[in-house]
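First comes the structure, then the notes that go with it.
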Amino acid sequence: MRDIKILDTPLNTQSCHDAVEDPAAGGIVVFVGLVRNQTKSRQVVRLAFESYVPMALKEMDKIADSLYEKWGILHVCIHHRIGVLDIGDIPVVIALSTPHRQAAFEACQYAIDTLKETVPIWKKEIFKDGAVWVSAHP
């Protein structure tokens, strides 16, 4: 099972966890990204996320394919939020289950790192004294 979405509403970590539960799972890892209040010693007021959704969903599907192939995951849930988010809001949740815990940790690390590198979702950091678009792709 894969549950991949880009939403403009708050993300639900519990529903992501529930989506990957399986009696064959030896481990479930859930990564929850949060909007923090600072970047490089500048105070962040909020973030804004934009995306080219059709391409982003395709790229997120490719990540899921890799997770199944490389780590033999059982299930994956990747939800990313777009729009304006305040401090403490959740922009991304990745949940996955595997038969063994080590694979779950490795697969989740790969998923968030690859998402940030390849998925067309752009982040604008908004400060008290201005804003900047952050390049997620090196």
What pairs can you find where one residue is in the stretch 51-64 and in contact (Cβ under 8 Å) with a residue 40 or more places away in the chain and closer than 11 Å to residue 6 by Cβ, the other is of a type outside the set (Phe, Trp, Tyr) and in a helix (DSSP H, G or I), and their Cβ atoms are less than 6 Å apart, with a gap of 6+ or different chains?
59/118
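For the stretch 1-22, how many residues are hydroxyl-bearing (Ser, Thr, Tyr) and part of a loop (DSSP other than H, G, I, E, B)? Full working, then the answer.
Filtering the stretch 1-22 for residues hydroxyl-bearing (Ser, Thr, Tyr) gives 9, 13, 15.
Pick out the ones that are also part of a loop (DSSP other than H, G, I, E, B) and you get 9.
Adding up the residues that qualify gives 1.
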Single unsatisfied condition, residue 96 versus (1) touching a strand residue (DSSP E or B) at 6+ places or on another chain (Cβ under 8 Å); (2) surrounded by fewer than 19 Cβ atoms within 10 Å (Cβ to Cβ)
(2)
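Can you tell me which of 63, 94, 78 is in contact with a helix residue (DSSP H, G or I) (Cβ under 9 Å, 6 or more places away or on another chain), of a type outside the set (D, E, K, R) and either modelled with pLDDT under 95 or not in a strand (DSSP E or B) (or both)? It would help to see each step written out before you state the result.
Numbers: 94 fails: either modelled with pLDDT under 95 or not in a strand (DSSP E or B) (or both); 78 fails: either modelled with pLDDT under 95 or not in a strand (DSSP E or B) (or both).
63 is the lone residue from the list that is in contact with a helix residue (DSSP H, G or I) (Cβ under 9 Å, 6 or more places away or on another chain), of a type outside the set (D, E, K, R) and either modelled with pLDDT under 95 or not in a strand (DSSP E or B) (or both).
Run down 25, 19 and say which single residue is in contact with a helix residue (DSSP H, G or I) (Cβ under 9 Å, 6 or more places away or on another chain) and buried (at least 18 other Cβ atoms within 10 Å of the Cβ).
Values: 19 fails: in contact with a helix residue (DSSP H, G or I) (Cβ under 9 Å, 6 or more places away or on another chain).
Matching residue, one of 25, 19: 25.
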Please specify each residue of the stretch 120-130 satisfying the condition of being in contact (Cβ under 8 Å) with a residue 12 or more places away in the chain and out of contact with any Leu (no Cβ under 9 Å at 6 or more places or on another chain).
120, 122, 127, 128
Run residue 56 past the list (1) buried (at least 19 other Cβ atoms within 10 Å of the Cβ); (2) part of a strand (DSSP E or B); (3) of a type in the set (A, V, I, L, M, F, W, C) and report the number of the one that doesn't hold.
(2)
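Filter the stretch 115-138 down to residues that are outside any loop (DSSP other than H, G, I, E, B) and either aromatic (Phe, Trp, Tyr) or more than 18 Å from residue 82 (Cα to Cα) (or both), then give me how many there are.
Taking the stretch 115-138 as the starting set, the residues that turn out to be outside any loop (DSSP other than H, G, I, E, B) are 115-118, 121-127, 130-134.
Applying the additional criterion that residues be either aromatic (Phe, Trp, Tyr) or more than 18 Å from residue 82 (Cα to Cα) (or both) yields 122, 127, 130, 133.
Summing the residues that are outside any loop (DSSP other than H, G, I, E, B) and either aromatic (Phe, Trp, Tyr) or more than 18 Å from residue 82 (Cα to Cα) (or both) in the stretch 115-138 gives 4.
With the requirement that a residue be farther than 13 Å from residue 30 by Cα and over 16 Å from the mean Cα position of the chain (by Cα), what does the stretch 85-102 give you?
Residues of the stretch 85-102 that are farther than 13 Å from residue 30 by Cα, as a first pass: 85-89, 91, 99-100, 102.
86, 87, 99, 100, 102 - these are the residues of the stretch 85-102 that are farther than 13 Å from residue 30 by Cα and over 16 Å from the mean Cα position of the chain (by Cα).
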Do you know which of the residues in the stretch 23-50 that are in a loop (DSSP other than H, G, I, E, B) and modelled with pLDDT of 95 or more is nearest to residue 93 (Cα to Cα)?
34
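The values are calculated or read from the model by the stated rules, or taken from the named source; none is laboratory data. Keep in mind the model is a prediction, meaning the values are calculated, not measured. So basically every Cβ, Gly included, is an ideal-geometry build from the backbone, and we count neighbours across all protein chains shown.
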